[in-house]
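One structure is given here, and the rest of the page talks about it.
The values are calculated or read from the model by the stated rules, or taken from the named source; none is laboratory data. Just so we're clear, the structure is a prediction, and the values are computed from it rather than from any experiment. Don't worry about glycine lacking a Cβ; one is built from the backbone with ideal geometry, like all the others, and counts go over all protein chains shown. Protein only, heavy atoms only, side chains kept; ligands, DNA and RNA dropped before computing areas. Shrake-Rupley method; radii C 1.70, N 1.55, O 1.52, S 1.80 Å.
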There are 2 protein chains.
Amino acid sequence: MRKTIAIAALAAFALAAPLSGQDMPEPPTPASIVAAAPASDWRAIDPADLLVMTLAADAGGNPRQVVVQLLPAPFSQSWVGNIRTLAKAHWWDGTSVYRVVDNWVAQWGDGEDDEAKAKPLPEGMRVVAESEYTVPMSCEVYLFEGKVIEDRCIPEFNAIEAVDAYVMSGQTGFTAGWPVAMKLEPEGNRVWPVHCYGSVGVARNLSPDTGTGAELYAVIGHAPRALDRNIAVVGRVIEGIEHLSTLPRGKGDAGVYDDPALRVPIVSVRLGNEVGQLPQPQYEYLASDSASFAEYVRVRANRNDPFYKVPAGGVDVCNVQVPIRRVPSE
Amino acid sequence: MRKTIAIAALAAFALAAPLSGQDMPEPPTPASIVAAAPASDWRAIDPADLLVMTLAADAGGNPRQVVVQLLPAPFSQSWVGNIRTLAKAHWWDGTSVYRVVDNWVAQWGDGEDDEAKAKPLPEGMRVVAESEYTVPMSCEVYLFEGKVIEDRCIPEFNAIEAVDAYVMSGQTGFTAGWPVAMKLEPEGNRVWPVHCYGSVGVARNLSPDTGTGAELYAVIGHAPRALDRNIAVVGRVIEGIEHLSTLPRGKGDAGVYDDPALRVPIVSVRLGNEVGQLPQPQYEYLASDSASFAEYVRVRANRNDPFYKVPAGGVDVCNVQVPIRRVPSE
């Protein structure tokens, strides 16, 4: 049952009254809000929802590890399932990062165009339909002035107040620590994960192919939001993005390395609960429905600490940058 | 004289009627529109408006050159004047790229925090007021449905139809090939250049310091639009951004290289008409008021070539990526 209910009241937003002189506290910054967030506002990320990608050491012998958090249900779960299958089969071991385009993506996997020569995929891979790029919201949605302010089926939902160029008649916000967009449409409300810096997606060929999940990319530039609903977002890099963003840009077609020697060998890709060493990688994110997160979004849109002269008054969903941190090992 | 006039008609936007079978032409892509643009839609960039920065060769002995186009009048001209003074004095020669932060900026100049040790600036540098972050629009502005569609004092103005999170009661668009934002405010209409990937800005200390132009940065991540009206945008990298975006990220405070050996030496910075060798660097941009540019923006917002399944229906000003190309030497 889909039900859209417009309600008439929204908790008034209390702006701090201006103080004067030496009593005036420092205005909060995104960093100060994150530092002050109580432990109860943080949620653990299950190591089973991580991909740990170990690249060959760099020219200086320094280790390179990239940690990807996979999208939780209800988003992109068929591709995420394929990715789990690939990781369990150690399929990426021995493949490479083979394509890097400035202000666009770094891409990895087999990278073989010729299907006859391509590395065989493991058993159990699913062919996924493009309908899964978005998810129906089949439950109660609460509106205020035409904007979604609460959605009872999308967990930890937190709407952003600013408008968004890519959902003219919709809404952006966060659910369970992930940036999403949604549209209220006559044929049914839909919600989908958006492409931001660091997002990981499923490379594919022309429509209606939706890709398997074997060839993945990470965004290393301005959010390519036109890809939303056109490619499956399956996760995001939460540590080690610099090992992808600093790689030399490819000079071949579409930014593929024309010189195979430039390919960066992938030593291994493992699910976080199968890395074979303890402790497993432990991270946590600032819960989207916490007071700290709401304040964090508000300050991102209204910086008034001493560096800033003019608060923007708005922020786009990709500039909110959901706080994620490593949990110190005990 | 400021005059705001609402007019009632806007050229109806003709979407191509669907064709069928083999008569259907390929839908245009941003690349195909740029390739088909007639010579008359391109405008030359004066070499005097370029900064050519030569970095030390990389570890493999490959040359590294970064070309920055400076903002034209009426924007940021006092800082741009300082930058011309610095380039003519060869002030940057022997300085370095000293700060690189992932998804943020690469910054260059003297990089000395201690004022007593800082490299002296040349004669003729101006102290610039923060009021120059924006420019008044003191002439006729035409509106349609509350949006600016024509501005008679901002040359080659081309408004973007999509909404923008950072100018809730304003407008984004292009003028003379540059992305800008504007607001119609009771105290007067203002317009300003925006921060996109590749934008070059003037690093500064805390307000009300606005920086001199000696310490510059280029954006190497998602557009940091909250900096708009808070830092002077003075140009953009039009060639060689990869020589900045691929640099190792700094591990010191604020991403400054803690190891001075990581600093990338700047061999020289020259204005494009003073590079000391012929031919001078020649570039051109697709004019904001050309039919080709209007079509380019439309397609950026509504990709329907075979790769795309769902056109976004909008585009943010930083994802339009104004076409700029090198003019082949004769």
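Amide H contacts for B:Gln171 (H built 1.01 Å from N in the peptide plane; partners 5 or more residues away or on another chain; cut-off under 5 Å): B:Met182.
What's the longest uninterrupted piece of chain B once you rule out the trypsin sites (Lys or Arg not before Pro) that are loop residues per DSSP with at most 16 other Cβ within 10 Å? In chain B, the maximal stretch lacking such sites is B:3-116. Couplings 3J(HN,Hα) of segment B:50-58, computed from phi: 10, 10, 10, 9, 9, 8, 4, 4, 6 Hz, in residue order, whole Hz [Karplus 6.51 cos²θ - 1.76 cosθ + 1.60, θ = phi - 60°; x for Gly and Pro]. The other copies place their A:Gly252 label points at 3.9 nm from this one, listed shortest first, where each point is 7 Å from Cα along Cα→Cβ.
Inter-label distance, B:Asp253 to A:Asp258: 4.5 nm, where each label sits 7 Å from its Cα along the C-beta direction. With a 1.4 angstrom probe, the accessible area lost at the B-A interface totals about 4100 Å².
Solvent exposure of B:His90, expressed as accessible area, is near 80 Å², computed with a probe of 1.4 Å over the protein chains only.
Near the amide H of B:Val327, within less than 5 Å, lie the amide hydrogens of B:Gln282, B:Tyr283, B:Glu284, all on another chain or at least 5 residues away, with H placed in the peptide plane. Couplings 3J(HN,Hα) of segment B:262-270, computed from phi: 7, 4, 9, x, 8, 6, 6, 10, 10 Hz, in residue order, whole Hz [Karplus 6.51 cos²θ - 1.76 cosθ + 1.60, θ = phi - 60°; x for Gly and Pro].
Evaluating 6.51 cos²θ - 1.76 cosθ + 1.60 at θ = phi - 60° for every residue in segment A:276-293, the Karplus couplings come out as x, 8, 10, x, 5, x, 10, 10, 9, 10, 7, 4, 4, 9, 8, 5, 4, 5 Hz, glycine and proline recorded as x.
For segment A:190-228, heavy-atom accessible area (probe 1.4 Å) falls by no less than 20 Å² from the chain alone to the full protein assembly at A:Tyr197, A:Arg204, A:Leu206, A:Ser207, A:His222, A:Ala226, A:Leu227. Chain A residue nearest the axis that carries A onto B, by Cβ, with distance in whole Å, is A:Val163, 2.
Around the amide H of B:Trp104, modelled in the peptide plane, lie the amide H atoms of B:Ile220, B:Gly221, all under 5 Å away and 5 or more residues distant in sequence or on another chain. Probing with 1.4 Å while keeping every protein chain in the model, the per residue accessible area of segment B:202-257 equals 29 Å². On the basis of the beta-carbon distance and an R0 of 25 Å, B:Glu132 and B:Ser169 show a calculated FRET efficiency of 0.65. For the protein assembly as shown, the fraction of 1.4 Å probe accessible surface lying on carbon and sulfur atoms is 54 percent.
Inter-copy label distances at A:Arg126, using a point 7 Å along Cα-to-Cβ, come to 6.2 nm with the shortest given first.
Across the identical copies, the 7 Å label point of A:Ala39, projected outward along Cα→Cβ, sits 7.3 nm from its counterparts, in ascending order. Computing FRET efficiency as 1/(1 + (r/R0)^6) for B:Val310 and B:Lys88, where r is the C-beta to C-beta distance and R0 is 56 Å, gives about 0.65.
A full extension of the chain between A:Leu121 and A:Glu274 corresponds to an added length of 53.1 nm, given 0.36 nm per residue minus the alpha carbon distance.
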